[in-house]
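Beneath this line is the structure, given in structure tokens, with notes to follow.
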Amino acid sequence: MSLAYPRRQRQLENLVKKLGLPKVAPIKWELLDLALTHPTVSDSANYEQLEFVGDAVVRLVAAVMLWEHYPECPVGDFAAIRSVLVSDRILAQLAREYGLELYLLVAGSATADKIGQESRLADAFEAVLGALYLSTHNLDLIRPWLDPHFKQLAAEIRLDPARLNYKAALQEWTQAHFKVLPEYRVVEISQPHRNQERFVAEVWLHDQQLGQGKGRSIKAAEQAAAKVAFLAIPPQE
């Protein structure tokens, strides 16, 4: 069923074409339209609920892709790679590749907010995934075009372990099990040589130290500590 507004219908059909989906794809156009409607346009008819669904969908797609293509990969690396793949930065990057900003309905007050653009694009991208999933209740409209992106990104991340996001993976685990964020305590150590690791980070949860790591930067030290902590989580957790 097409939308009542022919111009909007043509816009959405153009987006679907960019995704490489066939003209006869069983898309629920009203959902896709909603997925590209920012809350500043309507308090009730906007993308927020579809974004909620899409958040789960994108994580599932990333998980299944990793399981299929890297069966030997430890589950800790799975979680760390997936955290990068589903980050706002990556989702906004993919949204820009498909020109999603051209189809997103946003009121003037939000369009002036350049800082929030990445978040808006990432949210809209997830909402589009939610709309496509709810059109068929499977991943048939999503994996054909999203998998190649995730496969390429995962390969790049595996070649550059520094991009693994153990902080995000650990945060996800602590929120799911304890409803709190881990705490990082960083100190700068003596630096006789510039190429040596300069910072030591500890990660704590409920007054218990989970891990410690060193790095040339605060961020690197925190990632190192998070990796120790995350990889120490018992498999049954």
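Is it the case that some residue within region 182-201 is charged (D, E, K, R) and within 28 Å of ALA62 (Cα to Cα)?
Yes, region 182-201 has at least one match.
Has region 194-212 got any residue that is of a type in the set (Asp, Glu) and under 30 Å from PRO71 (Cα atoms)?
No, there is no match, as no residue in region 194-212 is of a type in the set (Asp, Glu) and under 30 Å from PRO71 (Cα atoms).
Picking from ALA155, ALA124, which residue would you name as being surrounded by 15 or more Cβ atoms within 10 Å (Cβ to Cβ) and either modelled with pLDDT under 95 or in the same structural domain as ASN14 (by TED's automatic domain parsing) (or both)?
Testing whether each residue is surrounded by 15 or more Cβ atoms within 10 Å (Cβ to Cβ) and either modelled with pLDDT under 95 or in the same structural domain as ASN14 (by TED's automatic domain parsing) (or both) leaves just ALA124.
Looking at region 1-84, what helices (runs of 4 or more DSSP H) fall wholly within it and have at least 2 residues that are assigned by TED's automatic domain parsing to the domain that holds VAL106 and without any contact (Cβ under 8 Å) to a residue 24 or more places away in the chain?
6-18, 48-69
The values are calculated or read from the model by the stated rules, or taken from the named source; none is laboratory data. Model, not experiment: these values are computed from the prediction. Cβ atoms come from the backbone with ideal geometry, glycine included; neighbour counts cover every protein chain shown.
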